[in-house]
Every structure is written in C-alpha cells, then in structure tokens.
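One structure is given below, encoded as structure tokens.
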Amino acid sequence: MTKIDLRPALAKMLPYAPGEQPPPGKFIKLNTNENPYPPAPAVVSALQEAATGPLNRYPDPMANAFRRAAADALGLPGPEWVLAGNGSDDILTILVRGFVGEQEKLRLPYPSYILYRTLADIQAANWEQIHFLDGWHLPTHFTNADDDLRLVFLPNPNSPSGTVVAPEQISEIASALPCPLVVDEAYADFADSNCLDLVQKHDNLLVTRTFSKAYGLAGIRFGFLVAQPALINRLASIKDSYNCDYLSIVAATAAISQQDWLTEVVAKLKQTRQRMEQRLTEMDFHVTPSQANFVWAQHPQGQHQELYDFLKKNQILVRYMDFPDWGDGIRISVGTDQQIDACMMMIERFFQ
Ligand SMILES: *Cc1c(COP(=O)(O)O)cnc(C)c1O
C-alpha cells in the first residue's frame with residue numbers, strides 16, 4: 001500500500017455512476033429525470049436580483065428564509081421541521097453519516113436508488129437489499145428488527161419503477177422498524193400521495209425532497225429533509241456549516257413559493273407521461289404504471305442495451321439499467337411532447 005491510498009475499507013466500494021451529462025444541445029436528454037421546462041419565472045428574477053446581493057458574506061447556515069417558506073407552502077407545523085441540504089444527496093449523506101457506523105447496517109429495497117449503497121460503503125458500513133415482490137410490493141421481512149440495523153431507505157415513488165407504496169403501509173413499516181425510516185420523496189411531486197403528514201405521527205419517519213426534478217432546478221443543487229424538530233437539531237450539528245450557498249437558498253425559497261406554477265408543470269408532464277405509456281404499450285413494451293417523471297419499460301425481445309445504443313447514436317439519451325439477479329430495461333424521463341415524439345419514433349424504427 002502506498003502512502004496515497006484511500007482507507008482500505010474503500011477498496012471494495014461500489015462507486016455511484018450518475019447519468020451522463022453531455023454538453024447542452026447535442027442530445028435529446030431523457031436520462032436523468034430533469035425537468036425539460038425551465039424553472040418558474042419568479043425564480044429566475046429572484047436569482048437575477050440576488051446576483052447583486054451580499055455575495056461577499058457567508059450564507060445563513062440554516063437557510064431560515066427557505067425553512068419558513070417551505071413550512072408555509074407545505075403546511076408543516078413550523079420551520080424547525082425542515083433541514084436544508086446541498087441537493088437531497090447531501091441530506092442522504094448527512095443521514096448515513098449520522099446514523100450508520102462502521103460494520104452497522106442500512107437496508108434498501110431492490111431494485112432502487114443505488115446511491116444508498118455507495119454511502120454505506122464510504123462509511124465502512126454494510127447494506128442489505130430486500131427484493132421487491134411482484135407488483136412492486138415489499139415483503140414482510142423488510143421490517144425485520146436485526147440487531148445491527150440502523151437506517152432504512154425507501155424511495156417513494158421508487159426508481160426505476162415509478163411505483164408507490166401507500167402511506168398507510170409506510171406508516172405500518174415505520175411502526176414496525178427499530179430505527180429511522182427515510183422516505184426519499186424525490187418524485188413525490190408527481191405522485192397521488194406522499195408521507196409528509198406521517199412525520200408528525202412517527203418520530204422515526206423522515207422525508208427527503210429535492211428541487212432537481214419537478215421544480216426544474218437540478219443545476220442549483222438544493223434539497224431538504226422534513227422530520228421532527230429534535231432530530232432536525234441533532235442532524236444540523238453534523239452537517240457542513242454552510243452546506244447551502246446564498247444563490248441556491250434564494251432560488252429554492254422563490255421556487256417553493258410558486259406552488260401554482262408547480263401544479264401546472266406537473267400536470268403537463270403527467271399528460272406527456274400518459275402518452276408515453278400508451279405509445280410504449282402499443283409497441284409491446286411492458287410498462288410499469290408510473291407516478292414519477294419517468295417510465296420504466298421492458299420489451300419481451302430484450303435488446304435493451306442495443307436499443308439504448310441505437311437511440312444514443314441518434315442523439316437521444318435514455319437510461320439503460322441492468323439490475324443483477326433481477327433484470328434490465330430502459331428508463332425514459334418524461335420530456336416535452338416534441339422530445340417524446342422524437343424518441344418514440346426512433347424506438348419504432350429500431351424494432352422495424
Ligand atoms: C434524483 C434523485 C435524488 C437526488 O436529488 P438531488 O437533490 O439532485 O441530490 C434523490 N433520490 C432519488 C431517488 C433520486 O432519483
């Protein structure tokens with residue numbers, strides 16, 4: 001071992017590979033579930049104004065302006081129920097750092113968001129994947145109270161499936177678990193239900209949200225956690241002091257106050273999602289009904305990797321995903337109608 005090696009525990013870690021981010025303009029980009037529409041106009045003007053703001057000063061360490069706006073917009077009991085993060089990935093990092101020690105265990109469903117595993121690996125912790133049952137239901141052993149279990153993640157809606165576990169069931173899961181349950185609601189703005197209300201009922205139920213998807217602000221990096229105030233305070237003590245910068249706080253504060261805009265954009269994307277699901281079904285794909293801004297599609301002929309390559313050669317970027325012991329498929333983000341028409345036409349051509 002040379003002196004510049006990282007900790008030995010990191011030798012076996014699975015690095016998380018984010019979706020490709022090519023230079024703008026080259027591809028129709030349907031691979032990382034960003035919003036194809038720009039953010040609300042009020043967000044852009046708030047940012048323009050902020051550019052002449054106090055950039056020489058450190059930002060508010062707790063992003064209190066945002067916390068107040070979020071509590072108002074989402075009907076939370078108060079700002080002390082909110083913790084702001086540099087993207088929800090920052091929140092996930094804080095949670096793993098705070099709850100899971102070396103050799104202790106976090107649990108996640110499978111297939112789902114792979115980043116949780118990487119966070120456990122960085123911590124020299126263990127992870128355990130519990131396979132979804134047919135129909136994307138969770139088996140009863142998802143709530144097993146193992147001695148070393150410290151944290152459970154549940155993306156809801158899930159990726160890549162876009163499916164939702166009902167809040168009533170999540171409430172039961174939280175009650176049964178001996179540790180915190182993190183419901184990752186990155187896509188909840190597109191879903192018919194969410195777990196925000198349950199946070200008041202369960203001190204071990206935590207909800208994370210992001211501005212990267214429905215709010216159209218992936219470039220800004222802002223996410224947040226909703227949990228009971230005592231826990232928010234504890235977690236605040238282990239985050240980076242200035243984890244959110246001034247401009248992102250301004251943008252997120254303006255964005256969360258634009259719920260009418262959000263409703264409108266989400267309605268538009270859901271309409272496009274429905275057209276996508278229909279077109280893919282007509283082309284014989286098995287399509288999982290989605291409550292997110294992407295669609296998971298599997299074709300009986302397989303050839304998903306080949307389809308991905310063909311689309312990419314034709315300037316359309318989707319996500320090919322292969323889950324060992326489970327299967328593979330194509331995840332397509334909901335774009336504009338025009339982008340989706342182009343993508344569907346190209347898929348049709350592939351199968352001709
Ligand atoms: C996109 C995504 C996130 C990451 O959100 P950021 O706020 O951009 O860090 C978190 N969880 C899931 C399941 C996601 O798909």
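Would the stretch 52-60 turn up any residue that is under 23 Å from the mean Cα position of the chain (by Cα) and over 30 Å from residue 120 (Cβ atoms)?
There is no residue in the stretch 52-60 that is under 23 Å from the mean Cα position of the chain (by Cα) and over 30 Å from residue 120 (Cβ atoms).
Restricting the search to the stretch 15-34, which residues are loosely packed, with under 12 Cβ neighbours inside 10 Å and either modelled with pLDDT of 85 or more or in contact with a helix residue (DSSP H, G or I) (Cβ under 8 Å, 6 or more places away or on another chain) (or both)? 15, 23, 24, 25, 26 - these are the residues of the stretch 15-34 that are loosely packed, with under 12 Cβ neighbours inside 10 Å and either modelled with pLDDT of 85 or more or in contact with a helix residue (DSSP H, G or I) (Cβ under 8 Å, 6 or more places away or on another chain) (or both). For the stretch 75-88, name all the residues that are among the aliphatic types (A, V, I, L, M) and within 16 Å of the ligand (Cβ to nearest atom). If the condition is that a residue be among the aliphatic types (A, V, I, L, M) and within 16 Å of the ligand (Cβ to nearest atom), then 82, 83, 84 are the ones that fit.
Within the stretch 269-289, does at least one residue satisfy the condition of being among the aromatic types (Phe, Trp, Tyr), within 25 Å of residue 343 (Cβ to Cβ) and more than 16 Å from the ligand (Cβ to nearest atom)? So far as the stretch 269-289 goes, yes, one or more of its residues are among the aromatic types (Phe, Trp, Tyr), within 25 Å of residue 343 (Cβ to Cβ) and more than 16 Å from the ligand (Cβ to nearest atom).
Applying the set (1) open to solvent by less than 40 Å² (accessible area, probe 1.4 Å); (2) more than 16 Å from the ligand (Cβ to nearest atom); (3) out of contact with any Leu (no Cβ under 7 Å at 6 or more places or on another chain) to residue 41 leaves exactly one unmet item: (1). Taken over the stretch 68-81, the criterion of being within 17 Å of residue 217 (Cβ to Cβ) and crowded, with 22+ Cβ neighbours inside 10 Å is satisfied by 70 alone. For the criterion of being more than 10 Å from the ligand (Cβ to nearest atom) and open to solvent by 10 Å² or more (accessible area, probe 1.4 Å), residue 138 passes. Would you say residue 104 is in contact with a strand residue (DSSP E or B) (Cβ under 6 Å, 6 or more places away or on another chain), modelled with pLDDT of 95 or more and acidic (Asp, Glu)? When the stated conditions are applied, residue 104 passes them.
When the stretch 230-244 is examined, which residues are found to be open to solvent by 70 Å² or more (accessible area, probe 1.4 Å) and in a loop (DSSP other than H, G, I, E, B)? Scanning the stretch 230-244 gives 237, 240, 241, 242.
Checking the condition charged (D, E, K, R) and either away from the ligand (no atom under 16 Å from the Cβ) or farther than 26 Å from residue 119 by Cα (or both), which residue from 20, 49, 34 passes?
None of the other options fit; the residue is 49.
Determine if the stretch 207-220 includes at least one residue that is open to solvent by less than 20 Å² (accessible area, probe 1.4 Å), touching a residue at least 60 places away in the same chain (Cβ under 8 Å) and over 15 Å from residue 87 (Cα atoms). No, every residue in the stretch 207-220 fails to be open to solvent by less than 20 Å² (accessible area, probe 1.4 Å), touching a residue at least 60 places away in the same chain (Cβ under 8 Å) and over 15 Å from residue 87 (Cα atoms). Residue pairs whose Cβ atoms lie under 7 Å apart, sitting 6 or more positions apart in sequence or on different chains, and linking a residue in the stretch 228-249 that is assigned by TED's automatic domain parsing to the domain that holds residue 82 and within 19 Å of residue 47 (Cα to Cα) to a partner that is among the polar types (S, T, N, Q) and at pLDDT 95 or above, are 243/86; 244/86. Considering only residues that are within 9 Å of the ligand (Cβ to nearest atom) and assigned to a strand (DSSP E or B), which ones fall in the stretch 187-223? Passing the criteria: 208, 209, 210, 223.
The values are calculated or read from the model by the stated rules, or taken from the named source; none is laboratory data. What you are looking at is a predicted structure, and each value in this text was computed from that prediction instead of being measured. Here the Cβ is made from the backbone with ideal geometry for all residues, glycine too, and neighbour counts use every protein chain on show. Only protein heavy atoms, including side chains, enter the accessible area calculation; ligands, DNA and RNA are left aside. Shrake-Rupley method; radii C 1.70, N 1.55, O 1.52, S 1.80 Å.
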